[in-house]
1. Name the residue that is modelled with the highest pLDDT, counting only residues in the range A:66-82 that are under 17 Å from residue B:43 (Cα atoms) and more than 8 Å from every other protein chain (Cβ to nearest Cβ).
2. Counting only residues that are facing chain A (nearest Cβ under 10 Å) and either in contact with a strand residue (DSSP E or B) (Cβ under 6 Å, 6 or more places away or on another chain) or within 17 Å of residue B:53 (Cβ to Cβ) (or both), which one in the range B:9-20 is surrounded by the most Cβ atoms within 10 Å (Cβ to Cβ)?
3. Name the residues in the range B:129-144 that are crowded, with 16+ Cβ neighbours inside 10 Å and more than 14 Å from chain A (Cβ to nearest Cβ), would you?
4. When you look at residue B:65, is it touching a residue at least 24 places away in the same chain (Cβ under 8 Å), away from chain A (no Cβ under 14 Å), more than 18 Å from the chain's Cα centre (by Cα) and assigned to a helix (DSSP H, G or I), yes or no?
5. Inspect the range B:71-82 for any residue being surrounded by fewer than 13 Cβ atoms within 10 Å (Cβ to Cβ) and in contact (Cβ under 8 Å) with a residue 40 or more places away in the chain and give the result as yes or no.
6. At pLDDT below 90 and within 14 Å of chain B (Cβ to nearest Cβ): does that describe residue A:44?
7. Of the residues in the range A:269-296, how many are in a loop (DSSP other than H, G, I, E, B) and more than 13 Å from residue A:241 (Cβ to Cβ)?
8. Being under 30 Å from residue B:144 (Cβ atoms) and more than 12 Å from chain A (Cβ to nearest Cβ): is that true of residue B:6 here?
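The values are calculated or read from the model by the stated rules, or taken from the named source; none is laboratory data. Model, not experiment: these values are computed from the prediction. Here the Cβ is made from the backbone with ideal geometry for all residues, glycine too, and neighbour counts use every protein chain on show.
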């Protein structure tokens, strides 16, 4: 068998072991045979390379359907991030603009309200009422000190207390009244909060014509709003107080006149104005005693 | 199209069926490389190489498929990509000078051979490529190219090969590649 035939059989894959051994010996002993073998190998490699290139070129013309954006990893990450973002945004909006849910949560802890009747004599001509959801007023004594147009605090709320509709008081004495700081219970956690009013205060209270003590506003304290640390909002006949208030006692005074109504917050020995005709969250603005008196006088 | 039918068509050297498979498994196969530090181009290249291995083995009748086509191709992709990663790792340790010198000579020879193949007629090219790359039998080549019979295919292959030998040898002589 000539070496050309052996080489051909080799590249056809039909070489037997004996023939392979023979070809190996021939190539080692004769460089010409080795060169011919290498030459044939170059040709066949070239043919294989050519064919491979043709097939690849054909495959490259195949149109691969584009993966939908949501099918790609980038798309999935984007959609996932968007969904998470939307959830957070939704949650944030719910927290910011839906305090009612928190109200319900807070309402579960019903406050204990103790109230005591003040000397109540209803004046038919009186138009102003003071609402006192959480009040205990002692009117046993009477003093001569009085301040024109003063308002006697008759309402007390704590962070734990609210909705005290059962405590309605009527105050009627035609003498000027003066705001009286309530005697707050020793502990903020004390469920019973008393407001002690001395006789002088009683007189002052009664200076408003026919003051009625009613409970119309539900008060809710919201402490988890970073944005609002000392703010309020009046909505749906509810007062939302934003802030921790040092976990202390605050009081809400509602003064009802014939045609208008004013509400004040008493906290840390200061009075703050509560505007009822704003639904937005507003900062609590301090008002001094004189201004408070003027407001009350204006209500009469 | 069912997988068995596709495989039968592949075994007969049906290039349209190859395109169908290529399209069908493209995302699945390239994802393997893409998710293992490969580029889109590398992923495509590996998949095409794997698919052509599958093609060669199927057409030459050397493959007895015992799994799904996708499983078989996937395993080839996996092996090829592992080899490629190893090659990349080795590449930085090799002495590039010697390798480059050998590559240049081999590349020049390959360029000459490819040029000579292009000089052949279309039928000659097909006969030789089908025979040496695809591994088609003479009978299949005869059927595929519409020859009268197997002997015609054998004769054609002999003549075409001889012609290529002559053309390449002439070109090698001009480039001093022949002693």
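1. Here is the first cut: in the range A:66-82, the ones under 17 Å from residue B:43 (Cα atoms) are A:66-67, A:72-73.
Restricting the remaining residues to those that are more than 8 Å from every other protein chain (Cβ to nearest Cβ) gives A:66, A:72-73.
Details: A:66: 75, A:72: 61, A:73: 63.
By that ranking, first place goes to A:66.
2. B:18
3. If the condition is that a residue be crowded, with 16+ Cβ neighbours inside 10 Å and more than 14 Å from chain A (Cβ to nearest Cβ), then B:140, B:142, B:143 are the ones that fit.
4. no
5. no
6. Against the criterion (at pLDDT below 90 and within 14 Å of chain B (Cβ to nearest Cβ)), residue A:44 does not qualify.
7. Number satisfying all stated conditions: 8.
8. So residue B:6 fits the description; yes.
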